[in-house]
Amino acid sequence: MLPLAVAVAAVPVLALPAVPASAASYGTPTITFSAGYLSGAVGATGDPTVAVTVAQSGAATSALTVAASASTRSAVARTGDVAVTGTGGTRTLAVAAQGVGYTDLTIKVTGLGGKTATRTLHYAASAAVRDSAASRYLTGSSDASAAVDAGGGYLLVGDDESNTLRLYDRDNSGAPVRTWDFSSALGVSKEIDIEAATRVGNTIYWTGSLGNNKDGVVKPDRQTVFATTVTGSGADTRLSLAGSYHGLRDDLVSWDSAHGNRYGFAAGSAEGQAPKQIDGFNVEGLEFAPGSTSTAYIGFRAPLTPAVTGGRALLVPVTNFSSLLNGSASHATFGEPIELDLGGLSIRDIRRNDLGQYLIVAGSWAAEDNSAPYALYRWNGQPGGRPVKLVDLPTGDYGAWEAVAEVPDLDAPGARAQLITDDGSADLYHDGTDAKDLTHPEWKKSRSTWFTLN
């Protein structure tokens, strides 16, 4: 007889069959969007995208599939126009618009065990523009009105419908990467109506329109001029408030009155006077004089001067501008006004580069009209210098050309400048709603476009 231990060892051990995982071993998938609303444009290059985050307990995220099902309005975007790329827990969703309007897209995640989840993405598409390949869309606001370069491929943008400053990627459509609102520190509760900005070193100067609102009501908050200090650059840009001044409008009116009401500032800024009239009062340009960090040119959208048929555009030098913002001066002092022949157009923005070359965005003094002419002019910044037209800007698309980010070397072959539109009064989605009045900020947007200047 064999020993007991040997007998036990001789008994074969049978392996148990594998038990297949049941659906109950997996949780219900989850799906979330970085934004529930997305805007695109017909024919656009590099439209904004949405990040889709998916998960399922008990399953690797790489095992989950994400796809778009039918939309509610295929004339705007079809299922096949929605592309979902990437693997893992976060995917990227992009839409190629077919037509103008709104539609809902149903996005479905399928997990292990046959379990699914769906969510609706609300989508809106605006019309095609003629420079679509060179255009990008700055979402989150539709009323871009001032811009300065932040370095590293980024752009700081001011808004004439809110006091929020936004930092955008210059080369890609999408939402701001960072925002600032200094309203409380500035002591304002209503819109400043930011219309112009310029940068000197690490200081950016911003100004309100200094004018009445569209109904002619005097709004003190629009008389705000302020400065911010920049630290960092590109996506790491940070802003802090560096100073403010609230008396420039009154100083301009008093100065003009003391010189025989040459430009009618008192009448144009009086209660009841709309700012966007040929004899109104409305500032939309700010830039420093050649070689100066103290004298700044204030560029007027209105009034135009009556020196020639159709009028000349007006610049007024503020000779102690930086001192007003750092608190070392209590009242503005002024130099001799400069009148520029811009073919009957007024100043919508003015910008200088380090070479002393100026680029002027010229447009109508009147209220927004996308059929009104716009043009870019070159100028040397000198009082006797004659502006030279570089290019007529396209009209007929939505939006008004409002800001230029920076000025390239205007003598360099193929020099290009990036311009930005104010789309606040545009009916982007053909539903009779001005962009500024849209409910969802993701559907609000301004457009930036690159133009070759020579």
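The values are calculated or read from the model by the stated rules, or taken from the named source; none is laboratory data. Everything quoted here is computed from the prediction, not taken from an experiment. Here the Cβ is made from the backbone with ideal geometry for all residues, glycine too, and neighbour counts use every protein chain on show. SASA here: full protein model, heavy atoms, side chains in, ligands and nucleic acids out. Shrake-Rupley method; radii C 1.70, N 1.55, O 1.52, S 1.80 Å.
For this structure, a couple of remarks:
- Taking the range 83-130 as the range and being aromatic (Phe, Trp, Tyr) and either open to solvent by less than 40 Å² (accessible area, probe 1.4 Å) or more than 19 Å from Ala70 (Cβ to Cβ) (or both) as the test, only Tyr123 passes.
- Inclusion of Tyr377 among residues that are of a type in the set (Phe, Trp, Tyr) and closer than 18 Å to Leu315 by Cβ is warranted.
- Those residues of the range 165-186 which are farther than 22 Å from Phe288 by Cβ, in a strand (DSSP E or B) and of a type in the set (A, V, I, L, M, F, W, C), in sequence order: Leu167, Trp180
- Hits in the range 303-313 - residues which are in a strand (DSSP E or B) and open to solvent by less than 10 Å² (accessible area, probe 1.4 Å): Pro303, Thr305, Ala313
- Residue that is surrounded by the fewest Cβ atoms within 10 Å (Cβ to Cβ), among those in the range 199-212 that are among the β-branched types (Val, Ile, Thr) and under 18 Å from the mean Cα position of the chain (by Cα): Ile204
- Which numbered condition Asp397 misses (of (1) at pLDDT below 95; (2) among the acidic types (Asp, Glu); (3) part of a strand (DSSP E or B)): (3)
- Test: residue in the range 353-360 that is on the phi > 0 side of the Ramachandran plot, surrounded by fewer than 19 Cβ atoms within 10 Å (Cβ to Cβ) and in contact (Cβ under 8 Å) with a residue 60 or more places away in the chain: yes
- Flag for Gly381 being modelled with pLDDT of 95 or more and open to solvent by less than 50 Å² (accessible area, probe 1.4 Å): yes
- Looking only at residues of the range 25-67 that are in contact (Cβ under 8 Å) with a residue 60 or more places away in the chain, closer than 29 Å to Ala133 by Cβ and among the polar types (S, T, N, Q), we find that the one that is surrounded by the most Cβ atoms within 10 Å (Cβ to Cβ) is Ser39.
- Residue satisfying all of: in the range 323-349; open to solvent by less than 20 Å² (accessible area, probe 1.4 Å) and of a type in the set (Val, Ile, Thr); farthest from Gly299 (Cα to Cα) among these: Ile338
- Of all residues in the range 413-436, those satisfying the criterion of being in contact (Cβ under 8 Å) with a residue 40 or more places away in the chain, open to solvent by 10 Å² or more (accessible area, probe 1.4 Å) and more than 24 Å from His122 (Cβ to Cβ) are Pro413, Gly414, Asp422.
- So Ser162, is it open to solvent by less than 20 Å² (accessible area, probe 1.4 Å) and either in contact with an Asp or Glu (Cβ under 6 Å, 6 or more places away or on another chain) or not in a strand (DSSP E or B) (or both): no
- Residues of the range 213-262 satisfying the condition of being over 24 Å from Pro337 (Cβ atoms), open to solvent by less than 60 Å² (accessible area, probe 1.4 Å), touching a residue at least 40 places away in the same chain (Cβ under 8 Å) and in a loop (DSSP other than H, G, I, E, B): Asn213, Gly216, Val217, Thr237
Results for (1) outside any loop (DSSP other than H, G, I, E, B); (2) under 27 Å from the mean Cα position of the chain (by Cα), shown as yes or no for each residue.
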{"site": "Ala270", "(1), (2)": "no, no"}
{"site": "Pro275", "(1), (2)": "no, yes"}
{"site": "Val283", "(1), (2)": "yes, yes"}
{"site": "Ser294", "(1), (2)": "no, no"}
{"site": "Ile298", "(1), (2)": "yes, yes"}
{"site": "Arg301", "(1), (2)": "yes, yes"}
{"site": "Leu315", "(1), (2)": "yes, yes"}
{"site": "Ser328", "(1), (2)": "no, no"}
{"site": "Ala332", "(1), (2)": "no, no"}
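- All positions within the range 193-202 that are part of a strand (DSSP E or B) and free of Cβ contacts under 8 Å to residues at least 60 places away in the same chain: Ile194, Arg199
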